[in-house]
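These notes are about the structure you will find just below.
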Amino acid sequence: MKQLGLLVIFIAVGTTLSGCVSGGVHFEVGRSAVSTDEVENITEEITQLSDEWGRVRITKDYAFLRRLYADDFSFTDPSGNVVDLGAAFDFFENNPDTFTSSGDSAFNVRVYGKNFAVGNGVYHEAGKDKAGEPFSRKFQCTNVWVRKNGTWKVVAGHMSQLE
């Protein structure tokens, strides 16, 4: 009887977990606490923040990054290195490249609650490197957003180079 009870628990937990990671379920349980209007507003706000973030190479608005990144921000760069907040600021503020364009495309936001969302898309940048050689780079990006004290912050990100 004890084994039957454990089997039932195992099946229940397994079924629940497989539903969370299967292609057919996209964490709708988390969305149930968020109205359609809230999802649209959150999506619009995060898309706008991501657009501004994507243009920082051109605008050099590093104060925006200081408002955007959470204190515990971490980022996995295309080489697989995990960097903290200080290294992330250094990456932007002390980059020797000259940028002529930068920005996001094909951006998507998935809202999982009033204070949690994941964004992903393609980021493209072009310009000249420190040696004066032209470059054009494209990356697939994923970022984790958390609303802290009413403000959306990026807590984690990942970037993989496409070209």
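The values are calculated or read from the model by the stated rules, or taken from the named source; none is laboratory data. Since the model is a prediction, treat every value here as computed from it, not as a measurement. Because the Cβ atoms are built from the backbone with ideal geometry, glycine has one as well, and the counts that use them run over all protein chains shown.
With the checklist (1) in a strand (DSSP E or B); (2) over 17 Å from the mean Cα position of the chain (by Cα) in hand, flag the one item Val122 doesn't pass.
Looking at each condition in turn, Val122 falls short on (2).
Leu85 fails exactly one of the following numbered conditions: (1) surrounded by fewer than 16 Cβ atoms within 10 Å (Cβ to Cβ); (2) free of Cβ contacts under 8 Å to residues at least 24 places away in the same chain. What is the number of that condition?
Of everything listed in (1) surrounded by fewer than 16 Cβ atoms within 10 Å (Cβ to Cβ); (2) free of Cβ contacts under 8 Å to residues at least 24 places away in the same chain, Leu85 misses just condition (1).
Spot the failing condition for Glu125; the list is (1) of a type outside the set (Val, Ile, Thr); (2) free of Cβ contacts under 8 Å to residues at least 40 places away in the same chain; (3) over 23 Å from Asp71 (Cα atoms), and only one is missed.
Condition (2) is where Glu125 drops out.
Within the stretch 89-115, which residues are without any contact (Cβ under 8 Å) to a residue 24 or more places away in the chain and part of a strand (DSSP E or B)?
Ser105, Ala106, Asn108
Mind checking which residues of the stretch 20-65 are small (Gly, Ala, Ser), surrounded by 13 or more Cβ atoms within 10 Å (Cβ to Cβ) and at pLDDT 80 or above?
Ser50, Gly54 - these are the residues of the stretch 20-65 that are small (Gly, Ala, Ser), surrounded by 13 or more Cβ atoms within 10 Å (Cβ to Cβ) and at pLDDT 80 or above.
To keep it simple, each residue is scored yes or no on (1) crowded, with 18+ Cβ neighbours inside 10 Å; (2) of a type in the set (A, V, I, L, M, F, W, C); (3) in the same structural domain as Asn95 (by TED's automatic domain parsing).
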site	(1), (2), (3)
Val111	yes, yes, yes
Lys114	no, no, yes
Val122	no, yes, yes
Lys130	no, no, yes
Glu133	no, no, yes
Arg137	no, no, yes
Thr151	no, no, yes
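Conditions first: (1) touching a residue at least 40 places away in the same chain (Cβ under 8 Å); (2) closer than 30 Å to Thr36 by Cα; (3) assigned to a helix (DSSP H, G or I). Arg57 passes all but one, so which condition is the exception?
The number of the failed condition is (2).
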